[in-house]
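Here is the structure we will look at, set down as structure tokens.
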Amino acid sequence: MLNFIETFHREVAKRLDAVDSAGEAAGLMEWANGRVGKCDVYFLWFPATKRLVYAVKCPAGLREGEVEAKSHVEAVAHVEKIIASLRK
């Protein structure tokens, strides 16, 4: 059978070790914040402007960025790459 991708914030929350906050604001923005290992992670996806904004705060330092994400599936794929790099 088909596996359906849920909303951005639900999919990202599934991938975090611990979730501090996740939700959406009237279709304008979705967010998921929490921890992966020893790092604090913050993800914001803006569907209207197709932008994913993130910040990763680890003992080694702070990493921030913004990427184009045309859909929530593409945004989740970017988040997966970021989380995979933290787990190495």
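Applied to region 18-30, the Karplus parametrisation 6.51 cos²θ - 1.76 cosθ + 1.60 on θ = phi - 60° returns per-residue 3J(HN,Hα) values of 9, 10, 8, 7, 7, x, 9, 10, 6, x, 8, 7, 10 Hz, with x for Gly and Pro.
When each of the peptides 31-39, 57-65, 7-15, 80-88 is scored by the mean number of other C-beta atoms lying within 10 Å of its residues, the order from highest to lowest reads 7-15, 31-39, 80-88, 57-65. Note on the chain: Lys pairs 8 or more places apart or on different chains, Cα atoms under 22 Å apart, count 14. In this Cβ point-charge picture (+1 for Lys and Arg, -1 for Asp and Glu), the chain has a dipole of about 320 debye about its Cα centre. Considering only protein heavy atoms and a 1.4 Å probe, what is the carbon-and-sulfur percentage of the accessible area of region 8-87? The C+S portion of the solvent-accessible surface of region 8-87 is 54 percent.
Positive contributions from Lys and Arg (+1) and negative ones from Asp and Glu (-1), summed over other residues with Cβ under 13 Å from the Cβ of Gly61, come out at +1.
The candidate values are (1) 13.0; (2) 15.5; (3) 14.0; the one derived from this structure for Kirkwood radius over Cα pairs in Å carries the label (1). Can you tell me the 0 to 90 degree angle between the C-alpha axis of helix 72-87 and the longest principal axis of the chain, rounded to 10? Approximately 10 degrees, to the nearest 10. Find which of Val67, Ala48, Met29 sits farthest along the positive direction of the dipole of the chain, computed with +1 on the beta-carbon of Lys and Arg, -1 on that of Asp and Glu, about the Cα centre. Value computed over the given set: Val67. Working ranking of peptides 19-28, 42-51 by packing, defined as the average number of other Cβ atoms within 10 Å per residue, highest first, is 42-51, 19-28. Sequence-distant contacts, meaning Cα pairs under 8 Å at least 6 residues apart, place the relative contact order of the chain at 22 percent.
The values are calculated or read from the model by the stated rules, or taken from the named source; none is laboratory data. All values derive from a computational prediction rather than experimental measurement. Positions of Cβ are backbone-derived with ideal geometry, glycine not excepted, and every protein chain shown enters the neighbour counts. Areas reflect the complete protein model, heavy atoms only, side chains present, ligands, DNA and RNA absent. Shrake-Rupley method; radii C 1.70, N 1.55, O 1.52, S 1.80 Å.
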